[in-house]
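Below is one structure; the comments refer to it alone.
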Amino acid sequence: MVPSTLSRKASEATPLIAEYSSRFRLVETSAIWIFAALFAALAARGYFAPFSVSAVQTALIVFLGALSADLVSGLVHWAADTWGNQTWPIVGPTLIRSFREHHVDAKAITRHDFVEANGATALVLLPVILGVHLFMPGSSSAWTHLQSQASLFALSLTFFVFMTNQIHKWAHVDLPPSFVRLLQSLRLILPRGHHQVHHRGRHTSCYCITTGWLNPILDRIQFFRLSEKLIQAISTLRAREDDLKLIGLAAQSRSRVSSDTHPS
Ligand SMILES: [Zn+2]
Ligand SMILES: [Zn+2]
C-alpha cells in the first residue's frame, strides 16, 4: 500500500501507517472466501430446514440483525477511538491503529480496496459463524422453528457486520456507485452527511457506522460519556488520551510542511 502524501507526512510524526504485507493480504483474502463459504452453507442449511420463516418474520429478523450490527459497530468504534494505544497487544497495531489513522486522514479508507477494507472483519467473523454452525443440530431436518429464526438472525447480523467497513468507506467516497447513493438517501445504510458529524470536533458522537440508526438514541442518553465516566472511575485509563495526542502531532506536522512549502 502506498500511503498518500498527507498520510506520509502525518506518519512522519505519528507512526500510524503500518506496512500492509502481501502475506497478511493473503490471510485476509482467504478469510473473505472462507467467510463467504460458511455464510452460504448456513443459508443453505436454513433453506432445507423443515420450518419456513414468513415474509414478515424474515423482514423483522433482518431488521433486528442490522440494528444489532449497528450497535456492535458503535461499541467497537467507540472502544477503539477512546481507549489504549498502538502498543496494546493484538488490537493495538490492528484495530486501534486503523481508527487512529482514520481520524488523522479520513480519506485513507477510500484508497483501500475490497480486501484491505473488509478482510480483517471477515477474520474476526470466522469463529462467530463457525460457532453458529457447530451450535445448530448437524442435520437441518432436526432444526426447530426457533433455530431456523436464530440462523436467519445470525445471517443478517454477520452480513451487516461484514459490510460495516465497506459501508463506512462509501460514506467517505466522493462519488459512490448510484445504488449506494440510493441506499444512503433511503437511510438503509450509513448516510454520508450523518457520518460527517462524527468527524467534527473531537470525534465523540455518531459512533455507529453500519446504518447509523442508533446514533440519535445513544447520543441523546449520553451512553458513551456515561460509560467513559464509569471506566475512568474504576481504572487508570483516560479517554482519548492517545487519539488527541496523535491528532495534535499530525496537525503540527502538517503546519510544519506547509510553512516549509510556503515560507513567509
Ligand atoms: Zn472515530
Ligand atoms: Zn469515518
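Which of the residues that make up the range 175-216 are of a type in the set (A, V, I, L, M) and either more than 12 Å from ligand 2 (Cβ to nearest atom) or assigned to a helix (DSSP H, G or I) (or both)?
Step one: filter the range 175-216 for residues of a type in the set (A, V, I, L, M), giving 175, 180, 182-183, 186, 188-190, 197, 209, 214.
175, 180, 182, 183, 186, 188, 189, 214 - these are the residues of the range 175-216 that are of a type in the set (A, V, I, L, M) and either more than 12 Å from ligand 2 (Cβ to nearest atom) or assigned to a helix (DSSP H, G or I) (or both).
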Residue in the range 103-151 that is nearest to residue 165 (Cα to Cα), counting only those that are surrounded by 14 or more Cβ atoms within 10 Å (Cβ to Cβ) and of a type in the set (S, T, N, Q): 118
Any hit, the range 109-116, residues being within 21 Å of the chain's Cα centre (by Cα) and outside any helix (DSSP H, G or I): yes
Selection from the range 87-102 of residues that are over 14 Å from the mean Cα position of the chain (by Cα) and surrounded by 19 or more Cβ atoms within 10 Å (Cβ to Cβ): none
Residue that is modelled with the lowest pLDDT, among those in the range 220-246 that are surrounded by 18 or more Cβ atoms within 10 Å (Cβ to Cβ) and either away from ligand 1 (no atom under 11 Å from the Cβ) or of a type in the set (A, V, I, L, M, F, W, C) (or both): 246
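The values are calculated or read from the model by the stated rules, or taken from the named source; none is laboratory data. Here the structure is a predicted model, which is why all the values come from computation and not from measurement. All Cβ positions, even for glycine, are placed from backbone atoms using ideal geometry, and neighbour counts span all protein chains on display.
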